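Notes to accompany the following structure.
The values are calculated or read from the model by the stated rules, or taken from the named source; none is laboratory data. Owing to the predicted nature of the structure, the values given are computational and were not obtained by experimental measurement. Cβ placement follows ideal geometry from the backbone for every residue including glycine, while neighbour counts extend to all protein chains displayed. All accessible areas refer to the heavy atoms of the entire protein, side chains included, with ligands and DNA or RNA removed. Shrake-Rupley method; radii C 1.70, N 1.55, O 1.52, S 1.80 Å.
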There are 2 protein chains.
Amino acid sequence: MDAIEELQGLLKKLPGMGEKSALRLSYHLIRTDESFNKALGNAIATIKEKIHPCPICGCYTEHDICSYCSDGTRDRSTICVVEEPQDVLSIASSGAYNGLFHVLGGAINPLGGIGPDNLTFPELIRRIEEGSFKEVIIATNPTEEGDTTALYIRHLLEGKDIAITRLASGLPIGGDLGYADKLTLMRSLRGRIKF
Amino acid sequence: MDAIEELQGLLKKLPGMGEKSALRLSYHLIRTDESFNKALGNAIATIKEKIHPCPICGCYTEHDICSYCSDGTRDRSTICVVEEPQDVLSIASSGAYNGLFHVLGGAINPLGGIGPDNLTFPELIRRIEEGSFKEVIIATNPTEEGDTTALYIRHLLEGKDIAITRLASGLPIGGDLGYADKLTLMRSLRGRIKF
């Protein structure tokens with residue numbers, strides 16, 4: 001049963017996948033439609049070739065410049081700063097935000113070895129200085145690291161003529177943007193407070 | 001973000017995978033090592049080409065005949081009847097069984113449209129008639145369908161000179177009496193053994 005064990009071993013390396021779930025999934029894939037397996041296998045094998053970070057905002061895209069940065073109908077006076085590329089999709093799909101994005105690539109976490117130098121703060125400052133933004137919405141996670149990062153951004157923007165806001169109500173403390181539902185995200189966008 | 005959405009859409013079709021988990025997994029695969037993605041993608045795409053049911057017992061194998069049926073050191077006087085191919089691995093890996101197997105391909109479930117004709121009963125009977133088995137261990141699941149299937153096998157083997165046994169039902173090891181359901185407790189009481 002080498003092929004099954006090989007598949008199980010690979011599946012087990014995925015996040016949240018234990019020994020038994022990996023085996024169950026392997027057996028499921030043996031029973032399922034072959035064309036589905038080919039499509040899924042190919043999608044997994046090629047995803048990294050197709051996707052790269054947008055050179056402007058840092059979110060994932062298949063094109064030279066992402067759909068948000070290249071969309072002329074979006075509000076270019078607001079920039080929303082997030083930790084990870086997937087946070088862009090979460091906020092965009094809430095339907096309550098029509099501005100631009102900036103992906104930091106994480107949050108300041110000295111214990112985890114992530115300092116300001118590892119994140120895209122210089123790019124953020126350059127975009128704000130070169131653009132015509134009136135508001136920065138800080139949408140880092142409501143965690144200690146996210147809060148530290150928000151404070152750091154406020155510090156960086158001191159003296160600049162730009163409103164700084166932070167997502168406030170709706171997000172449970174200690175939570176994660178990726179697991180927030182659309183309504184919670186929408187409310188936290190609408191109820192954002194001056195920071 | 002078409003490639004991410006495509007990958008998410010495919011992952012979402014896997015059992016136990018919701019919209020958000022599929023998206024998280026997609027983003028994980030973008031961040032992870034490319035050679036891992038190639039290996040996993042290839043393993044998924046080719047698993048059905050590599051694996052087929054053993055023509056004798058019905059469990060999954062890469063070879064002409066599975067490792068259990070072709071293993072001369074296994075006890076050929078005992079046959080263990082299970083519902084699904086993965087049950088073979090569960091029982092074999094318990095280390096408490098060294099006989100042969102027979103996979104039925106499911107359990108009798110009239111409401112689900114699975115009758116005796118859909119399962120490998122004729123092959124089981126032929127193996128028992130042609131072999132030199134002294135015991136049939138019925139290892140169908142302890143469910144209504146599994147019990148019905150066990151009764152059906154007992155009926156099929158009536159009059160044959162072969163011992164018929166069934167896996168004991170009772171409290172799972174490491175379990176807690178307080179969490180056991182009434183039916184499990186009832187069975188473990190009825191099936192109590194001398195201590």
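Odds and ends about this structure:
- Criterion applied to B:E6, B:E34, B:E49 was being more than 7 Å from every other protein chain (Cβ to nearest Cβ) and either among the acidic types (D, E) or more than 15 Å from A:N42 (Cα to Cα) (or both), and the one residue passing it is B:E49.
- Every pair of residues 6+ apart whose Cβ atoms lie under 8 Å, when the first sits in the range B:152-176 and is touching a residue at least 60 places away in the same chain (Cβ under 8 Å) while the second is assigned to a strand (DSSP E or B) and of a type outside the set (D, E, K, R): B:I153/B:V81; B:I153/B:V136; B:I153/B:I138; B:I153/B:I164
- Test: residue in the range B:64-82 that is touching a strand residue (DSSP E or B) at 6+ places or on another chain (Cβ under 9 Å) and in a helix (DSSP H, G or I): no
- Scanning the range A:1-25 for residues that are surrounded by 15 or more Cβ atoms within 10 Å (Cβ to Cβ) and over 31 Å from the mean Cα position of the chain (by Cα) turns up A:M1, A:A3, A:I4, A:E6.
- Members of the range A:83-127 found to be open to solvent by 20 Å² or more (accessible area, probe 1.4 Å) and either among the β-branched types (V, I, T) or within 14 Å of another protein chain (Cβ to nearest Cβ) (or both), listed by number: A:E84, A:Q86, A:L89, A:A92, A:S93, A:G105, A:I114, A:T120, A:I125
- Checking every residue in the range B:161-184 against the condition of being assigned to a helix (DSSP H, G or I) and surrounded by 13 or more Cβ atoms within 10 Å (Cβ to Cβ) gives at least one match.
- Any chance A:H28 is open to solvent by 10 Å² or more (accessible area, probe 1.4 Å), out of contact with any Ser or Thr (no Cβ under 6 Å at 6 or more places or on another chain) and either more than 9 Å from chain B (Cβ to nearest Cβ) or over 30 Å from B:P85 (Cα atoms) (or both): no
- Residue in the range B:124-145 that is part of a strand (DSSP E or B) and under 16 Å from the mean Cα position of the chain (by Cα) present: yes
- Of the set (1) of a type in the set (D, E, K, R); (2) without any contact (Cβ under 8 Å) to a residue 40 or more places away in the chain; (3) not in a helix (DSSP H, G or I), all apply to A:R24 but (3).
- Summed over the range B:12-21, the residues that are at the interface with chain A (Cβ under 7 Å from one of its Cβ atoms) and either in a helix (DSSP H, G or I) or touching a Gly at 6+ places or on another chain (Cβ under 9 Å) (or both) give a count of 1.
- Being on the phi > 0 side of the Ramachandran plot and either touching a residue at least 60 places away in the same chain (Cβ under 8 Å) or out of contact with any Leu (no Cβ under 8 Å at 6 or more places or on another chain) (or both) holds for only one residue in A:G106, A:G113, and it is A:G113.
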